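The block underneath contains the structure these notes are about, expressed in structure tokens.
The values are calculated or read from the model by the stated rules, or taken from the named source; none is laboratory data. Predicted model, so just to flag it, every value in this text is computed and none were measured. Counting neighbours? That spans all protein chains shown, and the Cβs are built from the backbone with ideal geometry, glycine included.
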Amino acid sequence: MLKVACLPSHPFEKLVARKKRQGSEAVVEALLPPCSHSTRLVATLIQKLQHHLALSPSNPSRLSANNNDAAKFAQIPSWVSLKRTSSSSSEKTPPLQLGRVENLHLVSLSKQAKLKEAREFLEQMDKAGVSVSPRSYESLLEACRNLESLSVGRYIHERLRRTVKNPSGFLENCVLRMYCDCGSLVDAQMVFDEMAERNLGSWVVIMSAYAQAGFLEKSFWLFSDMIEFGIEPNSVIYTGLLKYLVNPSLVEIGRQVHSHVIRSGLSSIVAINTAICNMYVKCGWFDGAKLVFNQMDEKDSVAWTGLMVGYTQARKQRDALDLFVKMLMEGVELDQFVFSIVLKACAGLEDLNLGRQIHGYIVKLGFETDVSAGTPLVDFYVKCLNFESACRAFERISEPSDVSWSAMICGYSQIGNYEEAVKIFTSLRNNSLVLNSHIYTSIFQACFALADFNLGAQAHADAIKRSLISHLYGDSALVSMYSKCGRLDYATRAFESIPAPDTVAWTAIISGNAHHGNASEALELFGRMQDCGVRPNAVTFVAVLTACSHSGLVTEAKRYMDSMHSQYGVDPTIDHYNCMIDIYARAGLLQEAFELIKNMPFDPDKTSWKCLLGGCWTHKNLELGKIASENLLQLDPEDAAGYILLFNLYASSGKWEEAARVRKLMTERNLKKELSCSWITVKGKVHRFIVGDKHHPQTEEIYLKLEEFNHSMTMMNDENGLLTKEDVSSTFPERKEQLLVHSERLAMAFGLISTPTNTPIIIFKNLRACKDCHDFAKHLSDITGRRIVVRDACRFHHFQSGQCSCNDYWVHASMSSVSVTINGLLGVENLRFHFHLCL
């Protein structure tokens, strides 16, 4: 694991503290005219509104619109009384002052998004005969837009029609915009049709609404109607239409708009040319985009960066970098956004040297401490697996944003330092700093890597509270997290809550069921995936084949393998062939496995031979086993697992001299089997055990609990996987003592004394569970009535009432497997395989 020397004292704590410092706020004194003695309401409200409202002495009915006043609206009281003290009081109140404070109160309620109270107050104003000002209508309609409150918006509109005979075009546009933002295009169209006079803004609003909702045809019909009415489109109309043409199928429409722009004589306007260029980029016609770009007499930074972004997203990183060089040659002023695009292109090419040159240029311009340039630098170094440089770049950022923190958390996860990623996340949350959905997706990934169900569930709840679960990416990471933490029930609930699962989400739930031994459920989900029209990818088929492997479904696995290319257009890779070799080997079809290795269109890798060797050991085929071990050790002479499998094969065949030579060779090469470790989480604390462990504070209770069950168990095999001559003849009483204190047994005993009887005991192990501990867990579940879940290096075992979900097939099958893990951290394209040696 990479040692990070640049973060000895956790600089994020220093930076978190920096973010907490706040500047002082200016206090704005309100200038209010003298209040009328006859109106109690005015006098009361003026006292409450002091220091929060600014009224111009020359125009006392106009509300100040500066930001400080807007921020003070939240402190205006939500109660008000419209009762007058006397009937003659209104005669003494100047006409302009009547209703002014009431309207200010309406604006206040709308700013606070208190639409219910605003509606009630409007009814009181009606009874009191106080009119509503255009400014109040504007604020109320704006609040309805922001909150998407269609019902209140309709009420405001109806009142406006009832009380105002000839509303201004501005107010009519406010109503039109409210209906559009609330998603009611039917109401918007009715308002638009009834408008006495439509200005250019009216056409922009209605056309943009239809285009945004996906009704491009309707939007362009309106565009034609506008021209027929004699209204000449301006740059706002054209740019508003062009930005919604983002699909290759719409490029012809874009060309027609481009032609219309030329005929209208607006082709020299920079904003329109930039929009046309960006439209061609989004539609995938880069030749057209480049042509428009080169013909532009004047190019702003948006035009340059738009084309560069398009090249980068289309994986044309070289073209993006060539454009950057051209910018430098033409002396175009560079900003931080340009560097973020260039660094993304460098990361896509994995060109660390070029990225470092860009970094030097950023330092030269003084942008290194700016978050908009510093964050892309962190992201670049993380993607290039240079975490030390990422840390140094992060430390230079003066005010890190949530994206900066997200990049660091992602970086720690990439190098396997999940504890540090969780530590940063916890510090950010405790200090109430801004979080984003990418951070939570990374934390879900860290939790399933750590198998920390408690932290994962807490992060999930916190993400729900903040509405920060990323659609699809975050949802898929949740499915993987819960299934990897042993809670397939939670994983299923998370999956079923996804409105329209994509390939990654389907693959995650299929893989989860496969690793929990639910082959029938996994294959049923695969069928549902196809019924929903979601196409499987290569990773999906690894999950399907894994499900077949865990349940011995040889015929079904061969059918899926054969259909990959012909039915789904997915070309099998070495990973899929390894799955099939593993399936054949487990089922004892060793010759079929060997023939597949010889005839597959790939050179076999060490996993191919390891699968065959494991099957040879299980089914006692010494001849094929020697061939498999020779090829395996030739490919990877440092793999201890290959020696152990070969040793066991010789020992089980009675070839003790050959077995001794293998063991001697391991000793000479200093090869050792990984130490077995099991852990269980109780009340948020992880308790780890190794074989014969006596360091736990409750060691005495743990061993006493074990003694209650060990007398009824027959002890066989040694946890370290190396069989001896005495092991084979079953005359090895000294081995029985070691079996009594295997790490998973200690964890099970601790779970029995530390967890409620109505909860499952969930244990994780770094290696494959031995047969004796597998039998012990079945026995324990039977006599205690407890549900026990053990996740070893290969899969989950669910023990209940003396039975295991693997139906004992797994422990009697071969000793190696291929498993797949979904990496939901970086999205759809970043799916990777993990191969676990199971011993």
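Computed values, structure above
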item	result
Criterion violated by residue 246 - all others in (1) in contact (Cβ under 8 Å) with a residue 24 or more places away in the chain; (2) aliphatic (A, V, I, L, M); (3) assigned to a helix (DSSP H, G or I) satisfied	(3)
Subset of the range 583-604 [surrounded by 14 or more Cβ atoms within 10 Å (Cβ to Cβ) and in a helix (DSSP H, G or I)]	583, 584, 585, 586, 590, 592, 593, 594, 596, 597
Residue match in the range 241-257 (condition: touching a Cys at 6+ places or on another chain (Cβ under 6 Å) and β-branched (Val, Ile, Thr))	yes
Top-ranked residue in the range 296-323 [being outside any helix (DSSP H, G or I) and surrounded by fewer than 16 Cβ atoms within 10 Å (Cβ to Cβ); ranked as farthest from the chain's Cα centre (by Cα)]	297
Residue that is among the basic types (Lys, Arg) and surrounded by 16 or more Cβ atoms within 10 Å (Cβ to Cβ), where the choices are 705, 672	705
Residues located in the range 679-690, provided they are surrounded by 13 or more Cβ atoms within 10 Å (Cβ to Cβ) and out of contact with any strand residue (DSSP E or B) (no Cβ under 9 Å at 6 or more places or on another chain)	682
Every pair of residues 6+ apart whose Cβ atoms lie under 8 Å, when the first sits in the range 427-447 and is of a type in the set (Lys, Arg) while the second is in a loop (DSSP other than H, G, I, E, B)	429/435
Residue list for the range 352-389, filter: over 23 Å from residue 309 (Cα atoms) and not in a loop (DSSP other than H, G, I, E, B)	364, 387, 388, 389
Any hit, the range 427-446, residues being under 20 Å from residue 543 (Cβ atoms) and surrounded by fewer than 21 Cβ atoms within 10 Å (Cβ to Cβ)	no
Close pairs from the range 546-567: first in contact (Cβ under 8 Å) with a residue 40 or more places away in the chain, partner hydroxyl-bearing (Ser, Thr, Tyr) and surrounded by fewer than 20 Cβ atoms within 10 Å (Cβ to Cβ), Cβ under 9 Å, at least 6 apart	550/809; 551/520; 551/809; 552/809
Count of the range 324-351 residues which are part of a helix (DSSP H, G or I) and farther than 14 Å from residue 376 by Cβ	6
Check on residue 649, part of a helix (DSSP H, G or I) and surrounded by 15 or more Cβ atoms within 10 Å (Cβ to Cβ)	yes
Test: residue in the range 478-488 that is closer than 18 Å to residue 790 by Cβ and of a type in the set (A, V, I, L, M)	yes
Any hit, the range 393-413, residues being hydrophobic (A, V, I, L, M, F, W, C), part of a helix (DSSP H, G or I) and farther than 24 Å from residue 466 by Cβ	yes
Residue match in the range 565-582 (condition: more than 24 Å from residue 636 (Cα to Cα), outside any loop (DSSP other than H, G, I, E, B) and not hydroxyl-bearing (Ser, Thr, Tyr))	yes
Checklist (1) touching a His at 6+ places or on another chain (Cβ under 8 Å); (2) modelled with pLDDT under 90; (3) more than 17 Å from residue 673 (Cβ to Cβ) applied to residue 769, failing item	(3)
Some residue of the range 558-572 being of a type in the set (A, V, I, L, M, F, W, C), surrounded by 22 or more Cβ atoms within 10 Å (Cβ to Cβ) and out of contact with any His (no Cβ under 7 Å at 6 or more places or on another chain)	no
Pairs where the first residue, in the range 111-125, is surrounded by fewer than 16 Cβ atoms within 10 Å (Cβ to Cβ) and of a type outside the set (A, V, I, L, M) and the second is outside any helix (DSSP H, G or I) and at pLDDT 85 or above, C-beta under 9 Å, 6+ apart	124/130
Test result for residue 540, without any contact (Cβ under 8 Å) to a residue 40 or more places away in the chain and within 19 Å of residue 578 (Cα to Cα)	yes
Residue list for the range 488-519, filter: of a type in the set (Phe, Trp, Tyr) and under 12 Å from residue 477 (Cβ atoms)	495
Of all residues making up the range 357-384, the number that are over 22 Å from the mean Cα position of the chain (by Cα), buried (at least 17 other Cβ atoms within 10 Å of the Cβ) and among the charged types (D, E, K, R)	2
Residue within the range 628-641 that is surrounded by fewer than 17 Cβ atoms within 10 Å (Cβ to Cβ) and over 29 Å from residue 449 (Cα atoms) present	yes
Count - residues of the range 613-635 that are among the charged types (D, E, K, R) and modelled with pLDDT under 90	1
Cβ pairs under 6 Å, 6+ apart, first in the range 400-411 and under 12 Å from residue 377 (Cβ atoms), second of a type in the set (Val, Ile, Thr) and not in a helix (DSSP H, G or I)	404/397
Qualifying residues in the range 515-539 (those that are part of a helix (DSSP H, G or I) and touching a strand residue (DSSP E or B) at 6+ places or on another chain (Cβ under 8 Å)) - the one modelled with the highest pLDDT	539
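Rundown of residues vs (1) aromatic (Phe, Trp, Tyr); (2) buried (at least 24 other Cβ atoms within 10 Å of the Cβ); (3) over 28 Å from the mean Cα position of the chain (by Cα), yes/no style:
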site	(1), (2), (3)
499	no, no, no
503	no, no, no
509	no, yes, no
518	no, no, no
527	no, no, no
535	no, no, no
540	no, yes, no
549	no, yes, yes
575	no, no, no
